[in-house]
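First comes the structure, then the notes that go with it.
Every read-out reported here was derived from the displayed coordinates using simple, explicitly stated rules and does not represent laboratory data. All values reported here derive from a predicted model rather than from experimental measurement. Quick reminder, even Gly has a Cβ in these numbers, built from the backbone with ideal geometry, and neighbours come from all protein chains shown.
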Amino acid sequence: MGKEIRMDGQQKQDQNITINAADLKDVVCSECKGKIFRQASMFKRLSALVSPTGKEQIVPIPVFRCDDCGNINEEFLPKSEKK
Ligand SMILES: [Zn+2]
């Protein structure tokens, strides 16, 4: 009378995947082709009307900007900033 546990939706994971960094494509700055990115933050003002605390809040959103020219690639932008 054992219950059958269905494993549907669970993907088998291959334990032997090795990733060779040389095979990976670099993400480069869309402006200057730089490869070094730095984490920075954008801040959003959360109005008191929608804030869970009922008070205005500042919410930090992490983004990555090019260390050379400061450009933020479109792919790094938070969804809310995409056009
Ligand atoms: Zn750049």
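Using the Cβ of Leu46 as centre and a radius below 12 Å, the other residues enclosed give a net charge of +2, where K and R count +1 and D and E count -1. Residues whose amide H lies under 5 Å from that of Lys44, counting only those 5 or more places away or on a different chain, are Val59, Ile61; hydrogens are built 1.01 Å from N in the peptide plane.
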